[in-house]
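This report concerns only the one structure given below.
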Protein chains: 2
Amino acid sequence: MMKPIKSALPLSLSHVEPLSGNQTGRLVARVIDHLETVLAGQTIQPGGRLPSERTVATDLHVSRNTVAAAYDELEERGLIRRMRGKGAFMCNPRDHGELFSWSGKVSPTAHLLDEPVLEMLARNCASDVPYPLSAGTPSLACFPHDMYKLAVNKVISEDFPAALAIAPTEGQNRLRNSIASWTGVEANRVMITSGAQEGIDLLARCLIAPGDIAIVEAPTYPGVLQCLRAAGARLVEWSTDWSLEELEQLVIRHRPKLIFTTPTYQNPTGRVMSITTREGLLDLARRYYIPLIEDDVYAKTYLDQRPGPPSLAKLDRHSQVIYVSTFSKMLAPGLRIGWIVAPKYMVKQLSLMKMRANLFTGGLNQLVLANLIDSGNFDRHLVNLRQQHAVLRNAAVSSAQQLVDGGLITFSRPAGGLYLWCKVVGRIDFESFLEKAAEIGVSVAPGQAFFATVPHSSFFRICFTALPETQLRKGIERLRGALRNVRETNHTHSHGPVLTSQMRSLRKQETLKGQPLSAFL
Amino acid sequence: MMKPIKSALPLSLSHVEPLSGNQTGRLVARVIDHLETVLAGQTIQPGGRLPSERTVATDLHVSRNTVAAAYDELEERGLIRRMRGKGAFMCNPRDHGELFSWSGKVSPTAHLLDEPVLEMLARNCASDVPYPLSAGTPSLACFPHDMYKLAVNKVISEDFPAALAIAPTEGQNRLRNSIASWTGVEANRVMITSGAQEGIDLLARCLIAPGDIAIVEAPTYPGVLQCLRAAGARLVEWSTDWSLEELEQLVIRHRPKLIFTTPTYQNPTGRVMSITTREGLLDLARRYYIPLIEDDVYAKTYLDQRPGPPSLAKLDRHSQVIYVSTFSKMLAPGLRIGWIVAPKYMVKQLSLMKMRANLFTGGLNQLVLANLIDSGNFDRHLVNLRQQHAVLRNAAVSSAQQLVDGGLITFSRPAGGLYLWCKVVGRIDFESFLEKAAEIGVSVAPGQAFFATVPHSSFFRICFTALPETQLRKGIERLRGALRNVRETNHTHSHGPVLTSQMRSLRKQETLKGQPLSAFL
């Protein structure tokens, strides 16, 4: 899609107010003319780098000050954005409808660039479809409504000042103590966050400097990819076969600043890391002094009456695991309460970061949760939740088995967590599949979103706990039509990643993705 | 405080496990020996830069690979931290008690460096003193307890699914609509945040790239200084005399990426920007295409039955103001509900950033607030709150007047907001004053925290709404003793900033401050 530079550069001065001074106006016009001439036939996408001021000055035989003044004018008008030490970048011309060019004011790293594939995914993942199977939420039908209501009223009557006042950034001591005794850790190593997502973001902001390398699982939770990328990390993938040989080679080659893992009911694969591998991973991390971040949000969602192996944090003897969890996957995501268990030094660091971000997490739900945990009501809820989830898992597995029998997908039966991770058999046009599914009222989480580098397009994730059983079955059954409909007759396509060229070029630029996380938490 | 390099470098290998390989061990030892020799007599503070690998290699007549391997080993052990393209930095040896050297894993920009002055301030601002006057909280005695309880139970009975499920990052539509009609803006320009602090942090992360310049008022809310610094901004101060000539010169000289202002009941000064200046500021920002961030969290806390001038956002005709507010200063900070009003394009950008940070804000308090606003109960609460606050303001003014009469301080009577901004008359040892005040049970917010560059030490801020009238009066009266006690007899001290040399060196390094925000919100 080669466009002439004139249309690629959204610089036409007719879009903005007349220039204030004639001389500046002539300069800007001259610089634009020049850019149009030298770049004729090339397209600078939003986010693309413009020629350096020095180059333009040399080419035009004018002083660098002259070019700098012209670039100043362009930047102030929001047409380009400069980054100290990195050059000038094109802005996104999307907001021409606005009176002020805000897109030009957004920092290049924060800039949402056009991603038609991801926007399409977002559209398809919207939860207003009749059969939303994309987002990861526990069964809200199991929510202990009456217990919660009683606890809320108890807090409002007895502890309300604590919920209303400025509170410690580390969290309400009541809840830190409850989680500490419930999980068997020291209370001053527990820090309350606004969901696990905040924990991950704080860790990324604390541990990653731009250009640092982080090792993530492939596939993994899209939210961690976004946080690490936003902190400037370069991501290296470790396959969820969890080969320690592979990991050691990655560690030696890349010297990562952290390893992020979800060893129990991994999202999205549902896999469980063996005890032997856990011990090997801890040993490897100890030998190379690499911090381990353990995402353990699914630990309590085991489905066959038997919990998974002990967490890395429990097995850790060298204080090098930071543990992240949340009530979102075992109670309700709307409560926005998660927690971190970390060495005291890191609790302090993370709290300083959280203070900047939002001061502290709201008190009411913290105190209510402390009440539910202390009274044993929360454990009783978990027993019920697991029973219901097992029923839903069985229903999903039997419905999905029909797709397997039809030769359409493969999957493994999960022993915990909320998901089926499905692999499409053969070649399909994945975008059309998602579109077709949306048309018939079903959303699934597209596999692409779960990979850091090469986004394989032959996977999708189903959440089996979001809907009642009948709806769940119907939703999965409907996928049969969508999958059949989009089978490619043309077998020349590669089986690998499907990306538009624009998306590929964006990945190359290591720009941030505007991926709608809430669609596939 | 010059220390020999041996103790300044926390590299003694006795602190960590024996080295894995002999050769590496010898290399590390050799590099450390070398550092000790060439740096003899110098002190590398935590955060300080080590010699480049190239320099060490040249000095030692070994290959750069050899030095790189040694530095690798040092970094993995958490003794130094390298930043891509910037060199190697000393780590904070603070956590020697931990089994794993976490301080060495924290990104240099996120690192909390020792700041004895600020730690002391934090200690003195702790709210467990009998007369906490430092933190900014509205009168919680005015909290409409019964209305809130009714509304909570109504939401739990009628709208609870919306509060439990995954919700839009922009906020609950119910609350966006309520705020929109209550304040007269379009609902799709309203975005809900976890307090104003989150709004400010999201704006900093969206609009600032490292090295960018931002203009802030002097003095201003410490929270905005921290967010902008964390995003990498270099801060330029605009005095709260609000001279447009001064501002225009700053804009021309520094080409800032944004201007942050609190034009109504400015924190901490309580000042109100005139309508003429507001219009001039908007015109200036329009002419130079600079985004304006308006912090308007005190607008509804006017005290003399007459609201202040219209907000910049209301006067804005060019869509270049982003408006930030919160319920923390007019209801309760523990609710953690604030909002932003921004062009739709920016609501999208800020939501993408918030998605990474914490997905969305909890639903319960959003729906409760929508209920309170729609029923008119919130406006009724505000009438009551302002009456109580006016009584407290009058009490504080009359108590503080006694300190004025005693020749100890000066201040201006505020027409809104929660604060008295006091200037000490003459020279005092400010640190001793804070310590003395804490000893007799009073905390105030130290003026230093409110300045971005030169931290003037002759100011302090009192919050007059945090305590009941009697306690408020007593707290202020107690300051008389503290102020008298620390008057300096030695007049050779300059009247300007008081900084320890370490603090000064930290500022020079442009490192982040670990300031305990919650002490003086």
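Values in this text are rule-based calculations from the coordinates and carry no lab data. Worth saying up front: this structure is predicted, and the values here are computed from it rather than measured. Here Cβ is always computed from backbone atoms with ideal geometry, including for glycine, and neighbour counts include all displayed protein chains.
Taken over segment B:168-214, the ratio of Cα radius of gyration to 2.2 N^0.38 Å equals 1.38.
Remark: segment A:396-408, residue by residue, has Karplus-estimated 3J(HN,Hα) of 5, 4, 6, 5, 5, 4, 5, 5, 5, 4, x, x, 9 Hz, where x stands for each Gly or Pro and the curve is 6.51 cos²θ - 1.76 cosθ + 1.60 at θ = phi - 60°. Only alpha carbons enter this Debye calculation for segment A:325-370, each as an equal point scatterer, and the log10 of I(q)/I(0) it gives at q = 0.17, 0.21, 0.24, 0.30 Å⁻¹ is -0.57, -0.83, -0.99, -1.11. Placing unit charges on each Cβ (+1 for Lys and Arg, -1 for Asp and Glu) gives segment B:144-375 a dipole about its Cα centre, and among B:193, B:288, B:318 the Cα reaching farthest toward its positive end belongs to B:193. Ranking A:171, A:276, A:338 by Cα position along the charge dipole of segment A:145-375, where only Lys, Arg, Asp and Glu carry charges on their C-beta atoms, puts A:171 farthest toward the positive end.
Assuming a viscosity of 1.567 mPa s and a temperature of 4 °C, what translational diffusion coefficient in µm² per second does Stokes-Einstein assign to segment A:145-375, Rh being the Kirkwood radius over Cα pairs? If you can, show how the numbers build up before the last one.
Working: Rh = 18.2 Å.
After rounding, the answer is 71 µm²/s.
Please identify every one of the trypsin sites (Lys or Arg not before Pro) in segment A:293-338 that sits in a loop by DSSP and has no more than 10 other beta carbons within 10 Å of its own beta carbon. Counting only loop positions with at most 10 other Cβ atoms within 10 Å, the trypsin sites (Lys or Arg not before Pro) in segment A:293-338 are A:317. For residue A:419, the residues whose modelled amide H falls within less than 5 Å of its own, excluding neighbours fewer than 5 places apart on the same chain, are A:464.
Which length gain, in nm to one decimal place, applies between residue B:391 and residue B:177 when the Cα-Cα distance is subtracted from 0.36 nm times their residue separation?
Details: separation 214, 0.36 × 214 = 77.04 nm, distance 3.34 nm.
Gain on extension, residue B:391 to residue B:177, equals 73.7 nm.
Taken about its Cα centre, segment B:312-457 carries a charge dipole of about 640 debye when Lys and Arg each add +1 at the Cβ and Asp and Glu each add -1 at the Cβ.
Using a 7 Å projection from Cα along Cα-to-Cβ, the label point at residue B:64 is separated from the same position in the remaining copies by 2.5 nm, smallest value first. Taking amide H positions as modeled 1.01 Å from N, with prolines and chain starts lacking one, no residue 5 or more places away or on another chain lies under 5 Å from residue B:319.
Per-residue 3J(HN,Hα) values for segment A:67-72, derived from phi via the Karplus relation 6.51 cos²θ - 1.76 cosθ + 1.60 with θ = phi - 60°, read 5, 4, 5, 5, 5, 3 Hz in sequence order (x marks Gly and Pro). The 3J(HN,Hα) values that the Karplus relation (6.51, -1.76, 1.60; θ = phi - 60°) gives for segment B:153-165 are, in residue order, 5, 5, 5, 5, 6, 10, 10, 5, x, 5, 7, 8, 7 Hz. Gly and Pro appear as x. Using a Förster radius of 56 Å, what is the FRET efficiency between residue A:150 and residue A:252 based on their Cβ-Cβ separation? Nearest 0.05, please. After rounding, the FRET efficiency stands at 0.50. What is the set of long-range amide H partners of residue B:258 at a cut-off below 5 Å, with H atoms built 1.01 Å from backbone N? HN-HN under 5 Å from residue B:258: B:215. Diagonalising the gyration tensor over the Cα atoms of segment A:265-333 and scaling each eigenvalue by 5 before taking the square root yields semi-axes of 23, 14, 10 Å, largest first. Given Cα positions, please report Rg to Rh for segment A:141-256, the hydrodynamic radius being the Kirkwood one. Reported Rg/Rh, Kirkwood definition of Rh: 1.12.
Which distances, in nm and shortest first, link the residue A:441 label point to the same label point in every other copy, taking 7 Å along Cα→Cβ? Its label point is 6.8 nm from the equivalent points in the other copies. Using every pair of separate Cα atoms, the Kirkwood estimate puts the hydrodynamic radius of segment A:257-406 at 17.5 angstrom.
Treating the beta-carbon of each Lys and Arg as +1 and of each Asp and Glu as -1, no other charges, what is the dipole magnitude of segment A:145-375 about its Cα centre, to the nearest 20 debye?
Numbers: 25 positive and 22 negative charges, 102 e Å.
My answer is approximately 500 debye.
Checked against a 24 Å cut-off, the cross-linked pairs A:329/B:348; A:344/B:86; A:314/A:348; A:314/B:105; A:354/B:105 give Cα-Cα distances beyond that limit for A:329/B:348; A:344/B:86.
Copy-to-copy label distances for residue B:314, where each label lies 7 Å from Cα along Cα-to-Cβ, are 5.9 nm in order of increasing length.
What shape does segment B:299-344 take by its C-alpha gyration tensor, where a ≥ b ≥ c are the square roots of the eigenvalues and a/c under 1.5 counts as rounded, a/b above b/c as prolate, and the rest as oblate? Taking the square roots of the gyration eigenvalues as a ≥ b ≥ c, segment B:299-344 is oblate.
Taking every Cα-Cα distance in segment A:386-451 and sorting them into 10 Å bins starting at zero, the pair-distance distribution P(r) comes out as 18, 48, 31, 3 percent.
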